[in-house]
Amino acid sequence: MHILLLGSGGREHALAWALAASPLVDRLSCAPGNPGILELGEAADCDPADLDSVVAFARAAAVDLVVPGPEAPLVAGVVDRLEAAGIRAFGPTAAAARLEGSKSFTRALCAEAGIPCAAGRSFDDVDAAIAYIRAQPAPPVIKADGLAAGKGVTVAATFEAAVDAAEAAFGGRFGAAGRRVVVEERMTGTEASLFAIADGTSVRMLADAQDYKRIGDGDRGPNTGGMGAVSPAPAMTDALRAEAMERILGPAVTAMARRGTPFRGILYAGLMLTDDGPKLVEFNVRFGDPECQALLVRLRSDLVPGLVAAVDGELENFDLRFRAEPSVCVIMAAPGYPEAPVTGSRIRGLGAAQESGPDVHVFQASTARRGERLVAAGGRVLGVTAAGPDVAAARRAAYAAVAAIDWPEAVWRRDIAAA
Ligand code: AMP
Ligand code: GLY
């Protein structure tokens, strides 16, 4: 098979690694890729932000399956465009990708399907939103409705901060994504990320993970795209997994099918484990980054037949198996991340890190080649991932690999997967 992978981050490097390992894949093309990804596949002459170019490349190069990593091309309709051209693509159509692309859409679906989530409402008008905020018993959470590069949510400590966040969103801070604003009750509990694969009617659990969103140890400092992950999520139990499947993932896939917009692809449920059981924080329509890196090193099965079964509506009798052994991913970031990452510093020792343990994988996220040198090219730069017989061993192996990387400028959290 010829597979075209879209994206350029650590998630996509992990996907490229899993795809390249499949005996079914004889050609892997990547757009735009990164230096790590392009060791596993070849650069494709197309741009994921330009859907015409993706369709043209896929057609000309006889691509058998397109695998988009990030949400933007999915929300923009890359799967619809490819399907219309007769090319298989793994992921939701634009209509189904609204589960990530519009928070008010997802709230409406939750109401319709009885999926537990935070109480709240969506608003198109700033004055009505502010009146609602002030009428709440405690400062609520304010969310831009659309995609806002992970920055659209404000968990406000005070009513004033909540009002400010709503005014900023309506004032254009997130562009069109903030023209509608969701105001929600603040839930409390432990968070966990659940990943399932759906084929339009069936949905199967893959695995779960916990993401570390803040920049600093002890969950301090600003939010990031994610500074590390551990899989399985320590707070999850089999009973909670079954409950989440029965009350959240299953009903969502059923409701999407009933609406005539069946969901195919990866359904990622961000959960809050509250005293009243698991509640949905958000859906995403793709793998998480860095959760994907932790998940895929635990995958035992060939990923490709699973993706094809989802595209073809044949997941019902299909199983993607994961090893029981846990895994840990530690993100090494450029100094100044997340506000203003300083790029250009030289990175050495990836080979030594890779060889520091039997189950170690150094995934590249934002790297670039400058002649012979590998340099930091963005905020989150490396995802150093290891599996082990237990969390402590996986964690030791991941941090030993981090220590083997010669990159003095790097910043990383010391407490990923710490008990
Ligand atoms: P999101 O961008 O939707 O992933 O939200 C980012 C983070 O905001 C989540 O991971 C939660 O930590 C937090 N969050 C979002 N909605 C709520 C809520 N209703 N209650 C408490 N925390 C929330
Ligand atoms: N790590 C969170 C996300 O990928 O959305």
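Read the figures in this text as sums done on the coordinates, not as results from a lab. Just so it is clear, the model here is predicted, and its values are computed rather than measured. FYI the Cβ positions are ideal-geometry reconstructions off the backbone, even for glycines, and counts take in every protein chain you see.
Report the relative contact order of the range 137-254, percent, no decimals, based on alpha-carbon pairs under 8 angstrom and at least 6 residues apart. Can you show the working numbers first?
Numbers: 182 pairs, mean separation 23.0, N = 118.
With pairs under 8 Å counted, the relative contact order is 20 percent.
Tell me the net charge near Asp406. Cut-off is 15 Å between Cβ atoms, Asp406 excluded, with +1 for each Lys or Arg and -1 for each Asp or Glu.
Values: positive: Arg346, Arg348, Arg373; negative: Glu355, Glu372, Glu409.
Computed value for this residue: 0.
How much net charge surrounds Gly171 when only other residues with a Cβ under 11 Å from its Cβ are counted (Lys, Arg +1; Asp, Glu -1)? Working shown, then result.
On the way: positive: Arg173, Arg179; negative: Asp164, Glu167.
Within the 11 Å Cβ shell, the charges total 0.
Please name whichever of Pro23, Pro35, Ala49 sits farthest to the positive end of the charge dipole of the range 10-73, dipole taken about the Cα centre and charges placed at Cβ: Lys and Arg +1, Asp and Glu -1.
My answer, from the dipole projection, is Pro23.
Output needed: percent of Cα pairs per 10 Å distance bin for the range 248-308, bins running from 0 to the one holding the longest distance.
All Cα pairs considered, the percentages come to 18, 41, 34, 7.
Mind checking which aspartates and glutamates have their C-alpha under 20 Å from Lys279, skipping anything on the same chain fewer than 8 residues away?
By straight Cα distance, Lys279 reaches Glu100, Glu112, Asp145, Glu184, Glu185, Glu191, Asp208, Asp211, Asp238, Glu243, Glu246, Glu291.
Using a Förster radius of 30 Å, what is the FRET efficiency between Asp217 and Ala168 based on their Cβ-Cβ separation? Nearest 0.05, please.
Numbers: r = 29 Å, r/R0 = 0.97.
E(calc), rounded to 0.05, equals 0.55.
Determine the sum of side-chain charges near Ser202: Lys and Arg each +1, Asp and Glu each -1, restricted to other residues whose C-beta is under 13 angstrom from that of Ser202. Walk me through the numbers on the way to the answer.
On the way: positive: Arg204, Arg264; negative: Asp199, Asp312, Glu314, Glu316, Asp319.
In short, -3.
Enumerate the whole-percent occupancy of each 20 Å bin, from 0 to the last occupied one, for all C-alpha pair distances of the chain.
Cα pair-distance distribution for the chain, in percent: 27, 60, 13, 0.
Would you calculate the separation in nanometres between label points at Ser53 and Ala400, each defined as 7 Å from the Cα along the Cα-to-beta-carbon direction?
4.3 nm
If I model a spin label as a point 7 Å beyond the Cα along the Cα-Cβ vector, how far apart are those points for Thr274 and Ala418 in nm?
The two pseudo-label positions are separated by 3.0 nm.
Averaging sequence separations of C-alpha pairs under 8 Å and six or more residues apart, then dividing by the length of the range 39-182, give the relative contact order as a whole percent. Display every interim value, and only then the final one.
Values: 194 pairs, mean separation 24.5, N = 144.
17 percent.
Suppose R0 equals 60 Å. What FRET efficiency, 1/(1 + (r/R0)^6) with r the Cβ-Cβ distance, do Val126 and Arg369 give to the nearest 0.05?
On the way: r = 47 Å, r/R0 = 0.79.
Efficiency, from the Cβ-Cβ distance: 0.80.
Based on DSSP H runs of at least 4 residues, each adding -39500 (n - 2.57), what is the mean residue ellipticity at 222 nm of the chain after dividing by all its residues, to the nearest 500 deg cm²/dmol?
On the way: 14 runs with 120 residues, N = 419.
Taking each H run of at least 4 residues, the total per residue is -8000 deg cm²/dmol.
Could you tell me the center-to-center distance, by alpha carbons, between the range 236-282 and the range 90-107 in angstrom?
14 Å
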